[in-house]
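Participant: The following block contains the structure, expressed as structure tokens.
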Amino acid sequence: MSRLTKAAAAVAATAAISLLASACTGQSSGSANDDASKDVTITFWHGWTAPNELKAINDNVARFEKAHPNIHVKVQGNITDDKINQALRAGGSKAPDVVSSFTTDNVGQFCSSGSMADLAPFLAKDKIDPAATFPKPMLEYTQFDGKRCTLPLLGDAYGLYYNKKAFAAAGITAPPKTLSEFKADAVKLTKTKGDSYSQLGYMPNFHGYESTTTHLAAQWGVKYFDANGKSQVAKDPGFTAMFNWQQDMVKSLGGFGKLEKYRNTFGDEFGAKNPLQTGQVAMGIDGEWRLGMAKDAGMNDLGVAPFPVPDDQASTYGKGYLSGTIIGIANTSSKKNAAWELVKFMTTDTDAVVSFANAIHNVPSTLAALKSPKLDADPGFKTFLDIAQNPDSTTTPPSINGGAYQLTLQDFGYAYESGKSKNLSSGLQGVDTQVDKDIAQAK
Amino acid sequence: MTAAVHPLLKAKRRKSALRTLAFLSPWIIGFSVFFVYPLVSTVYFSFMKYNGINAPTWVGGKNWSYVFTDYPFFWPALRNTLWLVVVMVTLRVLFGLGIGLLITKIKTGAGFFRTAFYLPYLAPPVAATMAFVFLLNPGTGPVNHLLGDVGLPTPGWFTDPHWSKPALTMLAVWGIGDLMVIFMAALLDVPKEQYEAAELDGAGPWHRFRFVTLPNISPIVMFAVVTGVIQTMQYYTQPLVAGKVASGVIGNSGQQVEPGYPDKSTLTLPQLVYERGFQRFDYGSACVIALVLFVLSMAFTALLLRRNGFLSAED
């Protein structure tokens, strides 16, 4: 090796090692010793984009600033979870102090990685008892492994939407309560046209927008993990029952291929041509937001009810799948006390929660707000409020690697419904094995 | 026994070496910062558990074994990437060369055709992909309506795992403008005298192309293939957008969305690097996949260069 080559190699190695060393120091977390009574500006990131949603969140922030004149809030909308996660790691003066996410899937990641601050000391300091303030399922999905790093900021409940005109035309007088009634209604409501449909009773394929494995499995009251944190979808009979029911629905309504071809004619889920709004599908599972979206699209014939339950669990009718928006404080924030004031206001102030819920048609996330007389009295909305408060309603639990376990189950669902995977029992065992491996990798 | 070097000569050599080093230093710094450092870091982090927050900890070969034996998306993504490298790059080079040849032969309207074939290349990848997904929608797209009207089969395109990669290839071939321009420049540069000499020797169009055109433009063909392989190894936006739009499940921010719809057929290795690194924050396994990409790119490039005599032992 010539001297020149040696010198070049030495320069390269020195640069590489020094930069590498600087990259491996990890993040320092900000402490909660700021004075929230002094003049301060905090940054709040959220994901809302629609004009009515932006107005609602900005109105809420304005109410907060009026109540806390020394705390100014810089609001940034249209933020995705990927951006949140990256900013929580990057830190710096432009990073957010308060962040909210539309999904509960990443709470496990937020809490276990330490990217979001532990809120327990703040709750204790202000003598807020979470159990007496928030509904139980919401409390569950906003913490992980005993660490509460987020709080619920409104919630979502899933129920049955049905086309009232189609029901009347088919002579159906009331929404189904059990899954056998649901199947009979779905078949009755299905009208074929050539090798397709002019109206489908229900789209059972897992790609049918909200008819996902996790949303449906909630009707069987399933448990994803055992006491040791191991995946147990093969052991919990609810999953097997759900897949068998879905397969039966697919067969009864025309078969996977025919349904999939029809599904490809649907408009966007969140657009005006959603199949429930165009009448292409007579029944479907969806969240409470569909109420407002359908009205905005000029569809006033949609009725709502809790999604039917298995026949052997008829007494639990009224339950459904729950999810929601979460909010927390960035661990890198140097203004945690001021940030906490905003989080506390947005999540526990009854008027703030109620007005926000009314404005964006979401389920309120405190027990007091759920009982508030100021809450929207729309009967359709009331159905979702009841689902949210039903003790049998469930959610998907947080996990250290976010929603990876849901993706694994969903992936198996696609393979099973298309016939690629034929054995349900071994397929579910495969899901358990994969989920456990993924969690082991994340630990 | 070595002859003693005169101190003056020694000083002169040192000065010369330093001067050379000074001239090379911009490259050395750039190469170190933008190539050596990321590469060394990637190798280092592939043996660590690191989530971007807590300090990295040594885990040995755990990330490697997870990616190769336990991560269900790795092998489908690798197969898709290799399929795209072989089929897409080949077709892009053939079409680019073919269109370049056609346009250099056209006597009138060449400007119009040049523009018409180049324009698709300027379309933003996301918009172009969305347009293709809508055009090829098996239920509502005009392409299948036309195919159906003339009695031809109507594939599922982006919704069918057997047709999704061919559909992506069609999209890539549609945006052939970059290669067309490069090939046109190369073709116009072939000395006319060689064609005339070949013609006098009785060579027909095929032989003129085979023995005159091709040898003259072979460095450009090699450039197109090598850059095509590297670009395809980094293929990210189009398969991601096609999969998401075709699945119909856009999903809220952060919501779990199926990767590689349909049936993992549009999954590529760069998507996995992003998923592992910036969604799961498992930098270790992301680095393993990035290294696989690096090794594959290097291997393909070296193989192509060596087989075509661009990387001989004398070089």
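Participant: Of A:A67, A:A15, A:A56, which residue is modelled with pLDDT under 80 and of a type in the set (A, V, I, L, M, F, W, C)?
Facilitator: Details: A:A67 fails: modelled with pLDDT under 80; A:A56 fails: modelled with pLDDT under 80.
From the options A:A67, A:A15, A:A56, the qualifying one is A:A15.
Participant: OK, next. If you go through segment B:31-54, how many residues are among the aromatic types (F, W, Y) and either in contact with a strand residue (DSSP E or B) (Cβ under 9 Å, 6 or more places away or on another chain) or more than 8 Å from every other protein chain (Cβ to nearest Cβ) (or both)? Outline the logic, then answer.
Facilitator: Going through segment B:31-54, the residues among the aromatic types (F, W, Y) turn out to be B:31, B:34-35, B:37, B:44-45, B:47, B:50.
Next cut, either in contact with a strand residue (DSSP E or B) (Cβ under 9 Å, 6 or more places away or on another chain) or more than 8 Å from every other protein chain (Cβ to nearest Cβ) (or both) only: B:34-35, B:45, B:47, B:50.
Summing the residues that are among the aromatic types (F, W, Y) and either in contact with a strand residue (DSSP E or B) (Cβ under 9 Å, 6 or more places away or on another chain) or more than 8 Å from every other protein chain (Cβ to nearest Cβ) (or both) in segment B:31-54 gives 5.
Participant: Output the residues belonging to segment A:207-223 that are out of contact with any Lys or Arg (no Cβ under 8 Å at 6 or more places or on another chain), on the phi < 0 side of the Ramachandran plot and either surrounded by 24 or more Cβ atoms within 10 Å (Cβ to Cβ) or not in a loop (DSSP other than H, G, I, E, B) (or both). Working first, answer last.
Facilitator: We begin by selecting, within segment A:207-223, every residue out of contact with any Lys or Arg (no Cβ under 8 Å at 6 or more places or on another chain); these are A:209-217, A:220, A:222-223.
Among the residues that remain, those that are also on the phi < 0 side of the Ramachandran plot are: A:210-217, A:220, A:222-223.
Hits for segment A:207-223 are A:T213, A:T214, A:H215, A:L216, A:A217, A:W220.
Participant: With surrounded by 15 or more Cβ atoms within 10 Å (Cβ to Cβ) and more than 13 Å from every other protein chain (Cβ to nearest Cβ) as the only criterion, which of B:L171, B:L136, B:L146 stands out?
Facilitator: Values: B:L136 fails: more than 13 Å from every other protein chain (Cβ to nearest Cβ); B:L146 fails: surrounded by 15 or more Cβ atoms within 10 Å (Cβ to Cβ).
Going through B:L171, B:L136, B:L146 in turn, just one is surrounded by 15 or more Cβ atoms within 10 Å (Cβ to Cβ) and more than 13 Å from every other protein chain (Cβ to nearest Cβ): B:L171.
Participant: Mind listing whichever residues of segment A:109-133 are part of a helix (DSSP H, G or I), within 14 Å of chain B (Cβ to nearest Cβ) and in contact (Cβ under 8 Å) with a residue 40 or more places away in the chain?
Facilitator: A:Q109, A:F110, A:C111, A:S112
Residue-wise test of (1) surrounded by fewer than 20 Cβ atoms within 10 Å (Cβ to Cβ); (2) assigned by TED's automatic domain parsing to the domain that holds A:Q86; (3) in contact with a His (Cβ under 9 Å, 6 or more places away or on another chain).
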{"position": "A:H46", "(1), (2), (3)": "no, yes, no"}
{"position": "A:T49", "(1), (2), (3)": "yes, yes, no"}
{"position": "A:K55", "(1), (2), (3)": "yes, yes, no"}
{"position": "A:N58", "(1), (2), (3)": "yes, yes, no"}
{"position": "A:A62", "(1), (2), (3)": "yes, yes, no"}
{"position": "A:E65", "(1), (2), (3)": "yes, yes, yes"}
{"position": "A:H68", "(1), (2), (3)": "yes, yes, no"}
{"position": "A:H72", "(1), (2), (3)": "yes, yes, no"}
{"position": "A:V75", "(1), (2), (3)": "yes, yes, yes"}
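Participant: For segment A:334-350, indicate whether the set of residues that are over 30 Å from A:I71 (Cα atoms), of a type in the set (S, T, Y) and in a helix (DSSP H, G or I) is non-empty.
Facilitator: Here is the first cut: in segment A:334-350, the ones over 30 Å from A:I71 (Cα atoms) are none.
No, segment A:334-350 contains no residue that is over 30 Å from A:I71 (Cα atoms), of a type in the set (S, T, Y) and in a helix (DSSP H, G or I).
Participant: How many residues does segment A:363-384 hold that are in contact (Cβ under 8 Å) with a residue 24 or more places away in the chain, in contact with a helix residue (DSSP H, G or I) (Cβ under 7 Å, 6 or more places away or on another chain) and within 23 Å of A:S100 (Cβ to Cβ)?
Facilitator: The qualifying residues number 8.
Participant: What residue, among those in segment B:105-129 that are more than 20 Å from the chain's Cα centre (by Cα) and surrounded by 14 or more Cβ atoms within 10 Å (Cβ to Cβ), is nearest to B:T237 (Cα to Cα)?
Facilitator: B:F117
Participant: Ok, one more. Just wondering, is there one or more residues in segment A:188-196 that are touching a Phe, Trp or Tyr at 6+ places or on another chain (Cβ under 6 Å) and modelled with pLDDT of 95 or more?
Facilitator: Going residue by residue through segment A:188-196, those that are touching a Phe, Trp or Tyr at 6+ places or on another chain (Cβ under 6 Å) are A:196.
Now narrow it down to the ones that are modelled with pLDDT of 95 or more: none.
No, that holds for no residue.
Participant: Is it true that A:Q277 is part of a helix (DSSP H, G or I), farther than 29 Å from A:G238 by Cα and not β-branched (V, I, T)?
Facilitator: So A:Q277 fits the description; yes.
Residue-wise test of (1) at pLDDT below 90; (2) touching a Gly at 6+ places or on another chain (Cβ under 6 Å); (3) in the same structural domain as A:M249 (by TED's automatic domain parsing); (4) under 30 Å from B:G277 (Cβ atoms).
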site: A:T347; (1), (2), (3), (4): no, no, no, no
site: A:V354; (1), (2), (3), (4): no, no, no, no
site: A:S365; (1), (2), (3), (4): no, yes, no, no
site: A:L375; (1), (2), (3), (4): yes, no, no, no
site: A:G380; (1), (2), (3), (4): yes, no, no, no
site: A:A404; (1), (2), (3), (4): yes, no, yes, yes
site: A:G430; (1), (2), (3), (4): no, no, yes, yes
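Participant: For segment A:286-300, what are the residues that are part of a loop (DSSP other than H, G, I, E, B) and under 15 Å from the mean Cα position of the chain (by Cα)?
Facilitator: Of the residues in segment A:286-300, the ones part of a loop (DSSP other than H, G, I, E, B) are A:288, A:297-300.
Within segment A:286-300, A:E288 is the sole residue that qualifies.
Participant: Still on this model: Could you grab the pairs with beta carbons closer than 6 Å, sequence gap of 6+ or different chains, first residue in segment A:138-161 and among the polar types (S, T, N, Q), second one assigned to a strand (DSSP E or B) and surrounded by 20 or more Cβ atoms within 10 Å (Cβ to Cβ)?
Facilitator: Matching pairs, first to second residue: A:T142/A:L151; A:T142/A:P152; A:T142/A:I326; A:T150/A:I326; A:T150/A:G328.
Participant: Does segment B:295-304 contain any residue that is touching a Ser or Thr at 6+ places or on another chain (Cβ under 9 Å) and either among the aromatic types (F, W, Y) or in a loop (DSSP other than H, G, I, E, B) (or both)?
Facilitator: No, segment B:295-304 has no match at all.
Participant: Hey, another quick one. Restricting attention to segment A:260-314, and to residues there that are touching a Pro at 6+ places or on another chain (Cβ under 7 Å) and at pLDDT 90 or above, which single residue is nearest to the other protein chains (Cβ to nearest Cβ)?
Facilitator: Here the residue is A:V281.
For (1) under 20 Å from B:V173 (Cα atoms); (2) within 14 Å of chain A (Cβ to nearest Cβ); (3) β-branched (V, I, T); (4) part of a loop (DSSP other than H, G, I, E, B), each residue gets a yes or a no:
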position: B:T69; (1), (2), (3), (4): no, yes, yes, no
position: B:T81; (1), (2), (3), (4): yes, no, yes, no
position: B:V89; (1), (2), (3), (4): yes, no, yes, no
position: B:R92; (1), (2), (3), (4): yes, no, no, no
position: B:K107; (1), (2), (3), (4): no, no, no, yes
position: B:F112; (1), (2), (3), (4): yes, no, no, no
position: B:Y118; (1), (2), (3), (4): yes, no, no, no
position: B:A131; (1), (2), (3), (4): yes, no, no, no
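Participant: Could you say which residue among A:D386, A:D376, A:D411 is in a loop (DSSP other than H, G, I, E, B) and either surrounded by fewer than 20 Cβ atoms within 10 Å (Cβ to Cβ) or facing chain B (nearest Cβ under 10 Å) (or both)?
Facilitator: Values: A:D386 fails: in a loop (DSSP other than H, G, I, E, B); A:D411 fails: in a loop (DSSP other than H, G, I, E, B).
Step by step, each of A:D386, A:D376, A:D411 is checked, and only A:D376 is in a loop (DSSP other than H, G, I, E, B) and either surrounded by fewer than 20 Cβ atoms within 10 Å (Cβ to Cβ) or facing chain B (nearest Cβ under 10 Å) (or both).
Participant: Among the numbered conditions (1) without any contact (Cβ under 8 Å) to a residue 24 or more places away in the chain; (2) within 20 Å of the chain's Cα centre (by Cα), tell me where A:T325 comes up short.
Facilitator: Going through the list (1) without any contact (Cβ under 8 Å) to a residue 24 or more places away in the chain; (2) within 20 Å of the chain's Cα centre (by Cα), A:T325 breaks only (1).
Participant: While we're looking at this one, here's another question. Could you please find all residues in segment A:266-300 being in contact (Cβ under 8 Å) with a residue 40 or more places away in the chain and of a type in the set (S, T, N, Q)?
Facilitator: A:N274, A:Q280
Participant: Please find, within segment B:276-289, the residue that is surrounded by the fewest Cβ atoms within 10 Å (Cβ to Cβ) out of those that are assigned to a helix (DSSP H, G or I) and out of contact with any Phe, Trp or Tyr (no Cβ under 9 Å at 6 or more places or on another chain).
Facilitator: Here is the first cut: in segment B:276-289, the ones assigned to a helix (DSSP H, G or I) are B:276-279, B:283-289.
When the remaining residues are screened for being out of contact with any Phe, Trp or Tyr (no Cβ under 9 Å at 6 or more places or on another chain), the result is B:278-279.
On the way: B:F278: 17, B:Q279: 22.
By that ranking, first place goes to B:F278.
Participant: Turning to a different aspect of this structure: Taking helices (runs of 4 or more DSSP H) that fall entirely within segment B:178-267, which contain at least 3 residues that are surrounded by 15 or more Cβ atoms within 10 Å (Cβ to Cβ) and in contact (Cβ under 8 Å) with a residue 40 or more places away in the chain? I'd like the intermediate steps shown before the answer.
Facilitator: Working: elements: B:192-200, B:205-208, B:214-233, B:237-247.
Here the list reads B:214-233, B:237-247.
Participant: Let me ask something additional. I want to confirm something. Restricting to segment A:423-443 and keeping residues that are touching a Ser or Thr at 6+ places or on another chain (Cβ under 9 Å) and among the small types (G, A, S), which single residue is nearest to the other protein chains (Cβ to nearest Cβ)?
Facilitator: A:A442
Participant: From A:K74, A:K55, A:K83, grab the single residue that is within 14 Å of chain B (Cβ to nearest Cβ) and at negative phi.
Facilitator: Details: A:K74 fails: within 14 Å of chain B (Cβ to nearest Cβ); A:K55 fails: within 14 Å of chain B (Cβ to nearest Cβ).
Just a single option satisfies the conditions, and that option is A:K83.
Participant: With the condition kept exactly as written, say whether any residue in segment A:234-253 is within 14 Å of chain B (Cβ to nearest Cβ) and without any contact (Cβ under 8 Å) to a residue 24 or more places away in the chain.
Facilitator: no
The values are calculated or read from the model by the stated rules, or taken from the named source; none is laboratory data. Note that the structure is predicted; figures quoted are calculated from it, not measured. So basically every Cβ, Gly included, is an ideal-geometry build from the backbone, and we count neighbours across all protein chains shown.
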